[in-house]
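In what follows, a single structure is set out as structure tokens and then discussed.
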Amino acid sequence: MDQTQNKALLDACSSGKLEEVNRLLSEGADPNCKNGDGRTGLMRASKRGYEEIVDKLIEAGADVRARDKNNDTALMGAAKHGYVPICQKLLAAGADVNSHDNDGRTSLMRAAFKGEEGVVECLVEAGADLDAKDNKGRTALMESVTAFKVGVIHYLLAKGADVNKRDNHGCTCLMRASYGGYTDLVIYLLNRGADKYVKDNAGKTAYNYVRENGSEELLDLLK
């Protein structure tokens, strides 16, 4: 197998050179070749939003479930960067919507943290586990609360995400919102069933998470 040809294919996928990708594949380049980190041309093209190259690679037999050394997938890269059509193409071709990377993070967690509402909806419709946890016990909802991505928060809760899930430290979404000083979000979470009496592993409630400069309104809500 011509490794020079394969390297050229990876480079073409990274730089969005569709004609070059077509030529190299027609000449026998491996659509599943990887670089030293285990990344494929499909991962590179998906991460950069090159839809036509993604189409061509899938057509040529690229493995949509391939993983790199970090267990990242093409879907994770597309999800993080908000490329809804590419996510749809990968899922249609058999990508695993609930794959975890080495940190336990899923495509949904990545999209939720970035506030990519279209991708979040796409992944949930494809069967993404709303309450999956990463290695630190964090869920996609927790990620969206931490990043204050209100649209994603509303969507995930509407779809049934558990507002009272706790991470490895016992921290909840309400505690995260309280620490951030997000009064409106705290009100919303309380209205969606967040339990203000839950304690973390250190025995602290959401009230204790309000920082010294927190508003009186926020403290009153959490008493």
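Within region 93-110, being small (Gly, Ala, Ser) and either crowded, with 24+ Cβ neighbours inside 10 Å or touching a Cys at 6+ places or on another chain (Cβ under 6 Å) (or both) holds for 95, 107. With respect to (1) polar (S, T, N, Q); (2) more than 30 Å from residue 128 (Cα to Cα); (3) surrounded by fewer than 16 Cβ atoms within 10 Å (Cβ to Cβ), the lone exception for residue 6 is condition (3). Could you list all residues from region 168-223 that are at positive phi and touching a Gly at 6+ places or on another chain (Cβ under 7 Å)? Within region 168-223, 181 is the sole residue that qualifies.
The number of residues in region 45-74 being within 18 Å of residue 105 (Cβ to Cβ) and surrounded by fewer than 17 Cβ atoms within 10 Å (Cβ to Cβ) comes to 4. For residues that are surrounded by 15 or more Cβ atoms within 10 Å (Cβ to Cβ) and either in contact (Cβ under 8 Å) with a residue 40 or more places away in the chain or not small (Gly, Ala, Ser) (or both), scanning just region 204-219, find the one that is farthest from residue 177 (Cα to Cα). Residue satisfying both the conditions and the ranking: 204.
Quick one: which of 90, 18, 42 is touching a residue at least 12 places away in the same chain (Cβ under 8 Å), surrounded by 16 or more Cβ atoms within 10 Å (Cβ to Cβ) and farther than 24 Å from residue 124 by Cα?
18
Between 28, 49, 16, the distinction of being assigned by TED's automatic domain parsing to the domain that holds residue 81, under 24 Å from the mean Cα position of the chain (by Cα) and farther than 23 Å from residue 101 by Cβ belongs to 16 only.
Among helices (runs of 4 or more DSSP H) entirely within region 87-158, having at least 3 residues that are charged (D, E, K, R) and not assigned by TED's automatic domain parsing to the domain that holds residue 38 singles out 117-125.
Just name the residue that is modelled with the lowest pLDDT out of those in region 1-29 that are part of a loop (DSSP other than H, G, I, E, B) and more than 29 Å from residue 119 (Cα to Cα). Taking the candidates together, the pick is 1. Based on this model, can you work out whether residue 163 counts as buried (at least 18 other Cβ atoms within 10 Å of the Cβ), in contact (Cβ under 8 Å) with a residue 40 or more places away in the chain, touching a helix residue (DSSP H, G or I) at 6+ places or on another chain (Cβ under 8 Å) and β-branched (Val, Ile, Thr)? In short, no.
The values are calculated or read from the model by the stated rules, or taken from the named source; none is laboratory data. Model, not experiment: these values are computed from the prediction. Don't worry about glycine lacking a Cβ; one is built from the backbone with ideal geometry, like all the others, and counts go over all protein chains shown.
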